[in-house]
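Coordinate-derived values only; no laboratory data. Keep in mind the model is a prediction, meaning the values are calculated, not measured. Quick reminder, even Gly has a Cβ in these numbers, built from the backbone with ideal geometry, and neighbours come from all protein chains shown.
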Amino acid sequence: MEVESRRINKAVQWTLGVGLAVSALLMIAGLVGSLAAGRRLPKAVLEPEPALQQALHLHAAGLLSLGLLVLILTPFLRVAGTLVVFLRQHDWRYTAVTAVVLTVMIVSLVVGQA
Amino acid sequence: MTFVAILLVSAVVGVIGSMLGIGGGLMLVPILTLFLGVPVKTAIGCSLVSVIATSSAAQVVYVGRGTTHTRLGMTLEVTTTLGALAGGITAILISGRVLQGLFAAILVWAAYSMMGRGRDADAALTGRLDTSFVAPGGAEVAYGVRHFPLGMAASFVAGNVSGLLGVGGGVVKVPVMNLVMRVPLRAAIATSNFMIGVTAATSAAVYFGRGLIEPRVAVPTALGILVGAQVGPRVAARTPTARLRLILQVVLVVLAVQMVWKAVSG
C-alpha cells in the first residue's frame, strides 16, 4: 500500500503554484493597464504569438491574453510534471499512462486547430 | 460593473465547484447567459476557463494534502481524453437534445444513488490502485478501487459528453468514482477536480487558438475562481462528509432539472 507519494505532491504543487501566480500576475497587470488607459477589456484574445509580443511590450491586450493562455496551459504543465516525477521514480507503468494522456491531449489540440 | 459582478459570482462558483469536484461550468453558463446577457459561445469559452482555474487552483491544496489519487485520475483520463476526442463523432450521430436528456438522466441517477449513503462504508483495500489519504480529523483512510473496467468505460462516456457540452465532466466523475469504484467521497472529489482540468484543457486551448475566449468575461471569471477555488477545499475539509454528500446531491438535482428543461424546451 502506498500513500500518494510526497514527491508527486510537492512537485505538482510547486508547478501549479508558479503557473497560476504567473497567470494571475499577467492578468492583473493587464487589468491595471486597461484601467489606467481608461479602456474596457478586449472582446477577443490575441493569438499566442502576437499575445507574447504585446505582453513583452507591456501592452494590456497582450498581458491579458497571455495570462489566460498560461492558465489554460497549467493542466498540460501538471501532466508533464507528473510524467517527470513518475520517470524519476522509475514507475514505468504510470510513466507510460501519463505519456499516453499527454499525447492524446496534444493530438486533440492539433486536431482541434485544423 | 459587470466586471465586479462576474468576479463575485465566479468566486462563489469557485468555492462550491472546488468543494464538490466539479468545474462550475454548469453553474456559470446559465448565470452568464441568463442574467448577464453573455452570448452562449463566449459563455462556453468562459466555462472552460473556469473549469481549468477551479482544477489547478484547488489541486494546489488537494495534492498538497495527498487527497488526490493521481494514479487513478491519470489512468481514467486515458479513456476520458479519448472519449473527448471521439466526441466530435458522437456529435454527428446523436442530436444535441437527446444528449442533454441523457445527461440529465445521468445526473438524476447520480443524485438518487447518493441518497442513504451517509458514510463511505465501502472503503477497503482491494489490491487495485491501493492508496490512502488523511481525512480531516487526522484519521488515515486506506482504500482500493473496484470495478475498474466499468470506471474506465464510464470515463469514456463522460469524456464524450464533456467535449460536446463544453464542461469538465465532474458531475459524472465524482458519482462514478464514489458509487461505482468505491472511492471515498473526499478522494473522489479531489481526483475529479484534478481530472476536469485535464479534460477541459485541450478544448480551452482550441477555443483560445480560434480567438473564441473573451478577456472581458474570462478574466474576471478566472480571477474570481482562482480565489474561490483555493478557499473551497479548505471549507470542504471542515465540512462533515455527510453534508458534502448532501450539498452535492442538491447541486446534481438542480443541474438535472436545468438540463431536462433545456432538453425539453430546446
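Which whole number gives the average count of other chain Cβ atoms within 10 Å of the Cβ atoms across peptide B:61-74?
Rounded to a whole number, the mean comes out at 5.
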To the nearest 10 degrees, the tilt of helix B:185-209 (Cα long axis) against the first principal axis of the alpha carbons of chain B is 30
With θ set to phi - 60°, apply the Karplus curve 6.51 cos²θ - 1.76 cosθ + 1.60 along the range A:93-99 and write out the HN-Hα couplings as whole Hz, x wherever there is a Gly or Pro.
4, 7, 5, 5, 4, 5, 4
Relative contact order for chain B, counting Cα pairs under 8 Å that sit 6 or more residues apart, in percent:
40
Averaged over peptide B:241-252, how many Cβ atoms belonging to another chain are found within 10 Å of each residue's Cβ?
0
Rounded to whole Hz and in sequence order, give me ³J(HN,Hα) for the range B:145-152 from the Karplus expression 6.51 cos²θ - 1.76 cosθ + 1.60, θ = phi - 60°, writing x for Gly and Pro.
10, 10, 6, 4, x, 5, x, 5
Checking A:V79, A:V100, A:V22 against a Gaussian network model of chain A (alpha-carbon springs below 10 Å), the top fluctuating residue turns out to be A:V100
For B:V183, distant residues with modelled amide H under 5 Å away:
B:N178
From the phi angles alone, apply the Karplus equation (6.51, -1.76, 1.60; θ = phi - 60°) to the range B:55-66 and give each ³J(HN,Hα) in whole Hz, x where the residue is Gly or Pro.
4, 4, 5, 6, 4, 4, 7, 5, 5, x, 8, x
Taking a spot 7 Å from the Cα of A:V22 along the direction of its beta carbon, which residues of the range A:43-71 have an amide N less than 13 Å from it?
A:52, A:66-71
For the range A:35-114, calculate the relative contact order in percent as a whole number, restricting contacts to Cα pairs under 8 Å that are 6 or more residues apart.
17
Residues with amide H under 5 Å of B:L125's amide H, sequence separation 5 or more or different chain, H placed in the peptide plane at 1.01 Å from N; which?
B:G144
Can you show me the helix-derived [θ] at 222 nm for chain B, built from DSSP H runs with n ≥ 4 at -39,500 (n - 2.57) apiece and divided by the number of residues, rounded to the nearest 500.
-24000 deg cm²/dmol
